[in-house]
Amino acid sequence: MATGLTDLPVELQARVAEFLPGKAELLALRCSAGSCKQVVTRAVKHHDVYKRFYARNSLQNAALVAIGRVFGAGCRYLNTVSGFPAVTTALESFVLSTGGLLNQLSIEPPRDNHITPDTLLILCRACPLLKNLYVPRVPNIQPTHFVAVSQACPLLEYVVLPTGGLSPAETYARQFPRLRELKFVREWDSQIHEMPICFDVIAVAAETCVHVTRVVIPRAAVTPDFVARLLETPLRDRVTSLCFTNFFGSFSPQLWPEAGLQLVRGFPNLRELAGPFENALIPRMAPTEFFEQLALAAPMLRRLSAVDIDDECMRIICNRCQLEEINLFITR
């Protein structure tokens, strides 16, 4: 005697539904019988259909709520633009529908419409398993909010929050002990042009964030004093990846090559290096000399990303470094 899908136990129906190709098929199954609503709810937890969901500001509130009600349980990564104030309620509803299983949340509001600190905390408290949080604009966020976010989401490994013109290393990083990356980059419109000025806070972050293996440092910050102080922290033995970025607030001065080499030399376990631009070295040091010294300073280096290097520098890199991967970028 033939057996229909609805004659099977709910657990087995859900297992079958996991093999349906997409959301149209899942919705059709959900509408086919009353009992199939529960089947689809179970199935989406293991289905790829909405594992990564990108909600744009053209999506209406009711639609976002409905999508969350049906597919939210399967969402693990949510990226949304908060296009108008009312969408916040729908966003809260969607996040709650994930059942606390969301592990990545990215909210990128337009410049004229931001999420509030209170809403941020509501969302974070609904995501105890969150590992990645990207919310760059939260007006009036305070240090107490950083603490509350860290308590709500103790597993966070990657965090982007507003810093009030300073860098994450000088503000909220110390509240998130599981961070894998420590950034010294200021916000793009920062009016604070001095080098990192809160080194007491940086030192605490270096002590607290025991999982950090990567640091991102603007070339403007790489001064002899900064390098010496940074290498006095536990980061010295932890860092395996270093990125010299060409961005620091609203201006991008050149790198001090000797200080850069001192920093590289101070990380004995360094295996990955990104930057700097070749033209960031001139006239302080010839690029060929820099790469000659780099090969001696970082014998463990296995991966290099470089910008606008010439043939002679490339020859030095290939002959002197024991690399496994090279990424070259041409901007000129």
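Quick look at the values:
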quantity: For Ser106, solvent-accessible area (1.4 Å; no DNA, RNA or ligand), Å²; calculated: 10 Å²
quantity: Residue-count net charge about Pro268 - beta-carbon cut-off 15 Å; Lys, Arg +1, Asp, Glu -1; calculated: +2
quantity: In order through segment 225-240: 3J(HN,Hα) via Karplus (6.51 cos²θ - 1.76 cosθ + 1.60), integer Hz, x for Gly, Pro; calculated: 5, 4, 4, 4, 6, 5, 6, 7, 8, x, 4, 3, 8, 8, 5, 10
quantity: Under-5 Å amide H pairs with Val159, H placed in peptide plane, nonlocal only; calculated: Leu133
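The values are calculated or read from the model by the stated rules, or taken from the named source; none is laboratory data. From a predicted model like this one, the values you see are computed outputs, not experimental measurements. Methodologically, a virtual Cβ is constructed for each residue, glycine included, from the backbone with ideal geometry; neighbour enumeration extends over all protein chains shown. For accessibility, only protein heavy atoms count, side chains too; no ligands or nucleic acids. Shrake-Rupley method; radii C 1.70, N 1.55, O 1.52, S 1.80 Å.
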